[in-house]
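The values are calculated or read from the model by the stated rules, or taken from the named source; none is laboratory data. The structure displayed is predicted, hence computed values, not measured ones. Glycine also receives a Cβ, built like all others from the backbone with ideal geometry; neighbour counts cover every protein chain displayed.
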Amino acid sequence: MRPMPVLIIVAFFLAFDAIAALYVARTSHGQYLAGLSLLKTGFAPKDVLPFLRRAVERNPDHGEAWFHLGYTLNRMGRTQEAADAFEQAVRIAPGSADARYHLGVAYCNLGRIPEAVGMLEWVAREKPTRAETFFSLGYAHAYRGDLPRAAAMFERYLELNPRNLNARFALGQAYIGLSRWNDAITHLTMVHQAKPSHGSTNFNLGVAYLRAGNRGKAREHAQALQVIDPQLGARLTDLIGPSGS
């Protein structure tokens with residue numbers, strides 16, 4: 001068999017590239033794939049956004065394009081637009097836990113707490129080992145003042161991801177709100193051991209020790225705060241009161 005002439009091979013690849021470029025330029029899915037490629041390779045959200053917008057304009061029922069459009073808008077701080085996009089993703093794929101989770105978080109950031117809780121609880125039922133859902137639910141319940149439910153969600157999160165200090169700190173705060181001083185001390189101490197210079201942890205530990213009747217330990221944290229965060233240190237010192245009291 002005679003080898004294919006080089007010019008024919010070159011022409012074939014040029015034609016293939018032209019067809020691929022035409023596919024990207026004219027089709028919804030082509031625009032989506034181009035945007036997704038940019039997203040995965042670390043391009044800025046503003047560079048990704050036009051591709052995903054064109055994808056959903058050309059096919060309003062492209063669920064993945066709506067989802068990644070919401071994700072991109074959220075990274076840009078455009079939370080309301082992100083929520084609108086995630087709503088479309090849920091409309092198209094109501095069984096998508098990812099779409100419902102991100103919509104729930106967007107609702108939470110917008111202060112639409114009942115809607116956020118509804119979305120996130122659906123995800124928690126369907127994906128009971130998805131830890132981040134319980135973390136977000138904890139904050140949603142705390143936002144609306146339901147501290148028992150908030151504490152329960154943070155507890156569940158820590159069962160799944162026990163090393164997360166942010167969740168442990170949040171649980172400690174919830175316990176303070178519930179007057180569970182010793183439980184608060186237990187969890188905040190674990191955070192303090194890992195981050196001894198964290199001002200809010202020292203402050204909350206001081207408050208918990210004070211309410212538990214241990215003024216000596218409360219003063220230790222007040223003294224530490226004089227160096228770490230003098231304003232918090234002054235607040236805690238005022239709460240503790242004079243040394244002789």
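Examine the range 25-47 for a residue that is among the hydroxyl-bearing types (Ser, Thr, Tyr), within 19 Å of the chain's Cα centre (by Cα) and in a helix (DSSP H, G or I), and state whether such a residue exists.
Checked the range 25-47: no residue is among the hydroxyl-bearing types (Ser, Thr, Tyr), within 19 Å of the chain's Cα centre (by Cα) and in a helix (DSSP H, G or I).
Can you name every residue in the range 171-188 that is hydroxyl-bearing (Ser, Thr, Tyr) and part of a helix (DSSP H, G or I)?
175, 186
Six or more apart or on different chains, Cβ atoms under 9 Å: show the pairs whose first residue is in the range 219-245 and under 15 Å from residue 201 (Cα atoms) and whose second is assigned to a loop (DSSP other than H, G, I, E, B) and not aromatic (Phe, Trp, Tyr).
So the pair list comes out as 219/243; 224/196; 224/197; 227/197; 228/196; 228/197; 228/198.
Determine which single condition residue 188 fails, assuming it passes every other condition in (1) free of Cβ contacts under 8 Å to residues at least 24 places away in the same chain; (2) surrounded by fewer than 18 Cβ atoms within 10 Å (Cβ to Cβ); (3) in contact with a Ser or Thr (Cβ under 7 Å, 6 or more places away or on another chain).
So the condition that residue 188 fails would be (2).
Might you check whether a residue that is in a helix (DSSP H, G or I) and either in contact with a Leu (Cβ under 7 Å, 6 or more places away or on another chain) or hydroxyl-bearing (Ser, Thr, Tyr) (or both) occurs anywhere in the range 57-64?
No, the conditions are met nowhere in the range 57-64.
Looking at the range 189-211, can you tell me whether even one residue there is part of a loop (DSSP other than H, G, I, E, B), basic (Lys, Arg), modelled with pLDDT of 95 or more and at negative phi?
Yes, the range 189-211 contains at least one residue that is part of a loop (DSSP other than H, G, I, E, B), basic (Lys, Arg), modelled with pLDDT of 95 or more and at negative phi.
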